[in-house]
Amino acid sequence: MLSQNIKENTTAAHQKLEGTVVRQLKAIRSNADYAEVLKNFYAYFSAVEKAVAPFTGLDVLADKAERRDSSYIKADIEELGGSVADLPAVEVPAINSTLEALSALYVLEGSIMGGPYIVQMLNKYGITQGTSFFSGYGENTGKMWAAFTAVLNHYGADEATHARAVEVANETFSRFGNVFATAVAE
């Protein structure tokens, strides 16, 4: 199955991004700090969403309207007293097919799985607002992930397409990490 292939072949990129994000989250000491970190998420997620939109209509993702997207991040930023002005520049992978779009979305949708841990970490630092995005789908998280991976696996049924799908997922992880690296360098 493609979802398993992507998982197995993006481990290094996933772990590198996770380490970068966790370091940023551990440095949060205020709502303003947290809002700044969320701006990286918002900039990248909204750019990827725009890139995949032509290939992921309701005919592909029937539950698209129920899925978490960058509007949740924007709402969290605003709840924290921040704004989405002055976003970092981002580069996203070139998306030219439904399978490439779903491979990029694998990274975004997969971020839901770690959301509860992020909320716990933020709570330790006294951050209790602006967590709707990381709260994901609540008790429906497993069901939503299974529905997404079923679609991904359907479009990736041909094993000849797996190498490109893995490449797009790795590039999605890597370019997301670059957003945080740029933010630290500034």
>> For percent of Cα pairs over 26 Å apart, one of (1) 35; (2) 42; (3) 27 was computed from the structure I shared and the rest are decoys. Which label?
In response: (3)
> How big is the stretch 81-186 on each of its three principal axes, counting only the C-alpha atoms and giving the largest first in Å?
Replying inline: 48, 37, 20
> So what J values fall out for the stretch 88-104 if you push phi through Karplus, 6.51 cos²θ - 1.76 cosθ + 1.60 with θ = phi - 60°, rounded to Hz, Gly and Pro as x?
Replying inline: x, 6, 9, 10, 10, x, 5, 10, 10, 7, 4, 5, 5, 4, 5, 5, 5
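What accessible area per residue comes out for the chain, rounded to a whole number of Å², with a 1.4 Å probe?
Working: 9210 Å² over 186 residues.
Heavy-atom accessible area per residue stands at 50 Å².
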>> Assuming a strict under-26 Å limit between Cα atoms, what lysine pair count do you get for the chain once near-sequence pairs (fewer than 8 apart, same chain) are dropped?
In response: 24
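Divide by every residue of the chain the summed helix terms, -39500 (n - 2.57) for each DSSP H run of at least 4, and state the resulting mean residue ellipticity at 222 nm, rounded to the nearest 500 deg cm²/dmol.
-22000 deg cm²/dmol
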>> On a full-extension model of 0.36 nm per residue, what is the gain between Asn123 and Glu8, subtracting their alpha-carbon distance, rounded to one decimal in nm?
In response: 38.3 nm
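Counting only protein heavy atoms and a 1.4 Å probe, tell me what percentage of the chain's accessible area is made up of carbon and sulfur.
On the way: 4790 of 9210 Å².
After summing per-atom areas, the C and S share lands at 52 percent.
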>> Take Ala27 and Asp158, extend 7 Å from each Cα along the Cα→Cβ direction, and tell me the distance between the two endpoints in nm.
In response: 4.4
> For Lys50 and Lys143 in the same chain, what is the full-extension length gain: residue separation times 0.36 nm, less their Cα-Cα distance, in nm?
Replying inline: 31.0 nm
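Within 10 Å, count the other beta carbons around each residue, average over each peptide in 13-19, 137-143, and list them highest first.
Details: 13-19: 15.7, 137-143: 11.6.
For the peptides 13-19, 137-143, the packing ranking is 13-19, 137-143.
The values are calculated or read from the model by the stated rules, or taken from the named source; none is laboratory data. What you are looking at is a predicted structure, and each value in this text was computed from that prediction instead of being measured. Glycine gets a Cβ as well: all are built from the backbone with ideal geometry, and neighbour counts include every protein chain shown. Surface areas here come from the heavy atoms of the whole protein model, side chains and all, with no ligands, DNA or RNA. Shrake-Rupley method; radii C 1.70, N 1.55, O 1.52, S 1.80 Å.
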